[in-house]
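**Q** Input: one structure, supplied below.
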Amino acid sequence: MTNMTRTIRIILCAIMVVSLSMPAEPSEPVKNVSLNEFLTLALSGNNMLIGEAKSLEAARYSTQASLGGQRTSLGAAIGGSYLSGQEQAGIRESDISGMDAGLVLTQPIDISGKFGLEERGAVLAYEMRRANLDNIINELMASAEESYWSAVLANENAALQRDILTQRVENLRVTEEKFKHDLVPKLDVIRADSLVAAAETLVSEAETERQNILASMALLVGDKDVAPEETSMAPPQFEPGSDLEEDAERRPDVRSGRLALQMADNAKKMAAKGMAPTLDATVNWVLYSQPSASSSPQMGEIVTSLRLNIPILDTSSKYEKLNAKMLEEAAGASLQHTLDTARMELTVARNNWHRAVALERGKRNEAERSNEELRITELMYKEGMGAQIDLINAQTENQRVRTEHLGAVKGMHSAIVQLRRAAGGYIPK
């Protein structure tokens, strides 16, 4: 590679660094949002969440419809009849036709307390659906915050890789100047050029990763182009809660488990009333009949009735009671497992937070020492007092520890997300 070619390459690398550091110009402008703004957009614009909310609304109407059998019903009854005339002694009687129309009012009467259990069961089923929706919201918001901090990390990593590329380009320039004056061998130039090529690849990979994360962010908010606002990946300040049981009870899956246990208890009480009698009150008012006496009651008359139904033999009630008893025991065991899982996840999340804090502290100290070592090594190399291999080693080590420190800070944010998710902290108040 000639000196002119290397010079052109250095210029092109510099252009590449500048161009990648500038925001792209998509067909629609990208909206830079804060974390709270992004979570709000995800809560209101995520299509999957909108669909779940509509399903919950439909469940509310279904709950109301399921109790229709307890309500007073009013219907119009219209009937017609035709009786052909019979023949006696060779004489055929006239055919008789008639019709009647009236109103029928029916009211079931709860004499066993079954209606109240039906209402409670319907309400519990709806509340359980709502708890499940809260669980979906909690998981989605945790995923959204994780995605947001991943995008922040991707921005920081892309900037870091561009900074490293700038360093490598500058080192290549210095090495070529030294080579012109016969201060370093040709091998040093080849090494420096290879490091520039490797840094170019890392910049390209970092930018691709950033774009992929932005695409996942867009999906979370209903296919809108969003990006995190300009912010640095700084260690967060956070203090986890101290009451493990309180955090566990706040979780939507625990609430859903408790509702399931209440539903099972309600179903057992319903099964116990399988042989309970039922009573219906009916009012029938005939508004019109032709002929007037062709119906019973006749036109203008009102008849009221009470109908009591007393079951005598029902072979299914016994097994329904046993089924309800087993389901209640299963719901109790499931709730206990959910509580145990919640306590485990909260404990693990707290341990991971403390580990993330210690890891970030160690990586920060390591990065500070590496930055100082690199500064001294670069100065010595430019002054001709250091070897290129020492500079390469210092740069490689600095790249590693700086990248690991960014990952450690991201790990702190991820630990906070894990803690909040485990405690049901993303559910809107």
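**Q** If you rank Thr315, Thr201 by how much accessible surface each has, with a 1.4 Å probe, what is the order from largest down? Intermediate results must be reported in sequence, preceding the final value.
**A** Details: Thr315 105, Thr201 70 Å².
Output order, biggest surface exposure first: Thr315, Thr201.
**Q** Round to a whole number: what % of the accessible area of the chain belongs to carbon and sulfur, probe 1.4 Å?
**A** Values: 13860 of 24460 Å².
Of the solvent-accessible surface of the chain, carbon and sulfur hold 57 percent.
**Q** Ordering His405, His413 by accessible area with a probe of 1.4 Å, largest first, what comes out? Intermediate values should be presented prior to the final figure.
**A** Numbers: His405 40, His413 15 Å².
Of His405, His413, the descending order of accessible area is His405, His413.
**Q** If amide H atoms are built 1.01 Å from N in the plane of the peptide, which residues on other chains or at least 5 residues away come under 5 Å of the amide H of Tyr288?
**A** The list, which skips near neighbours in sequence, is Ala101, Gly300.
**Q** Among Ala276, Leu56, Ser256, whose Cα sits farthest toward the positive end of the charge dipole of the chain (+1 at Cβ of Lys/Arg, -1 at Cβ of Asp/Glu, about the Cα centre)?
**A** Working it through, the farthest residue towards the positive pole turns out to be Ala276.
**Q** Using a 10 angstrom cutoff on alpha carbons, build the Gaussian network for the chain and name the most mobile of Leu346, Leu103, Leu41.
**A** Highest fluctuation of the listed residues: Leu103.
**Q** Return the long-range amide H neighbours of Ala77 (sequence gap of 5 or more, or a different chain), with a cut-off of under 5 Å between placed amide H atoms.
**A** Counting only residues 5 or more places away or on other chains, the set is Gly102, Leu103, Val104.
**Q** Further, regarding this structure: Considering only Glu378, Glu301, Glu245, give the residue with the highest GNM mean-square fluctuation for the chain, with springs between Cα atoms whenever their separation is below 10 Å.
**A** Of Glu378, Glu301, Glu245, the most mobile in the Gaussian network model is Glu301.
**Q** Most fluctuating residue of Pro252, Pro291, Pro228 in a GNM of the chain with Cα springs under 10 Å: which is it?
**A** Result for the chain, Cα springs under 10 Å: Pro291 fluctuates most.
**Q** Ordered by residue, what ³J(HN,Hα) values in Hz, to whole numbers, does the stretch 130-147 give under the Karplus form 6.51 cos²θ - 1.76 cosθ + 1.60, where θ = phi - 60° and Gly and Pro are x?
**A** Ordered by residue, 3J(HN,Hα) equals 5, 5, 5, 5, 4, 5, 5, 4, 4, 5, 5, 5, 5, 5, 5, 5, 4, 5 Hz.
**Q** Run through the DSSP bridge list for the chain and note the antiparallel percent, rounded to the nearest 5.
**A** Working: 32 of 35 bridges.
If we restrict to bridges inside the chain, about 90 percent are antiparallel.
**Q** Oh, and also: With only Lys, Arg, Asp and Glu charged, each at its Cβ (+1 for the first two, -1 for the last two), find how big the charge dipole of the chain is about the Cα centre; round to the nearest 20 debye. Can you show the working numbers first?
**A** Numbers: 46 positive and 59 negative charges, 108 e Å.
With only Lys, Arg, Asp and Glu charged at Cβ, the dipole is about 520 debye.
**Q** So, taking all protein chains as they sit and a 1.4 Å probe, how much accessible area belongs to Met380, in Å² rounded to tens?
**A** 80 Å²
**Q** Once you have a ≥ b ≥ c as the square roots of the Cα gyration tensor eigenvalues for the chain, tell me rounded if a/c is under 1.5, and otherwise prolate or oblate according to whether a/b is larger than b/c. Working shown, then result.
**A** Details: a/c = 5.44, a/b = 2.88, b/c = 1.89.
It comes out prolate by the Cα gyration axes.
**Q** Going down the table (Lys114/Lys325; Lys31/Lys54; Lys224/Lys363; Lys54/Lys269; Lys186/Lys363), which pairs top 25 Å between alpha carbons? Kindly include the intermediate steps, with their values, before the conclusion.
**A** Values: Lys114/Lys325 18 Å; Lys31/Lys54 28 Å; Lys224/Lys363 36 Å; Lys54/Lys269 31 Å; Lys186/Lys363 36 Å.
Flagged as over cut-off: Lys31/Lys54; Lys224/Lys363; Lys54/Lys269; Lys186/Lys363.
**Q** Here's another thing I want to ask about it. Which value, in Å², gives the accessible area per residue of the chain when a 1.4 Å probe is used on the protein heavy atoms? Let's see the in-between values first.
**A** On the way: 24460 Å² over 429 residues.
For the chain, the solvent-accessible area averages 57 Å² per residue.
**Q** Normalising by the residue count of the chain, find the relative contact order in percent from Cα pairs under 8 Å and 6+ residues apart. Display every interim value, and only then the final one.
**A** On the way: 534 pairs, mean separation 98.0, N = 429.
RCO, the chain: 23 percent.
**Q** Based on the alpha-carbon gyration tensor of the stretch 283-353 and its eigenvalue square roots a ≥ b ≥ c, which shape applies: rounded if a/c is under 1.5, prolate if not and a/b is larger than b/c, or oblate? Walk me through the numbers before you get to the answer.
**A** On the way: a/c = 8.65, a/b = 3.05, b/c = 2.84.
Verdict is prolate for the stretch 283-353.
**Q** Expressed as a whole number of Å, what is the distance separating the alpha-carbon centroids of the stretch 376-392 and the stretch 297-320?
**A** Here the two parts' Cα centres lie 101 Å apart.
The values are calculated or read from the model by the stated rules, or taken from the named source; none is laboratory data. Since the model is a prediction, treat every value here as computed from it, not as a measurement. No Cβ is skipped: glycine too gets one built from the backbone with ideal geometry, and neighbour counts run over all protein chains shown. The area values use the complete protein model at the heavy-atom level, side chains included, leaving out ligands, DNA and RNA. Shrake-Rupley method; radii C 1.70, N 1.55, O 1.52, S 1.80 Å.
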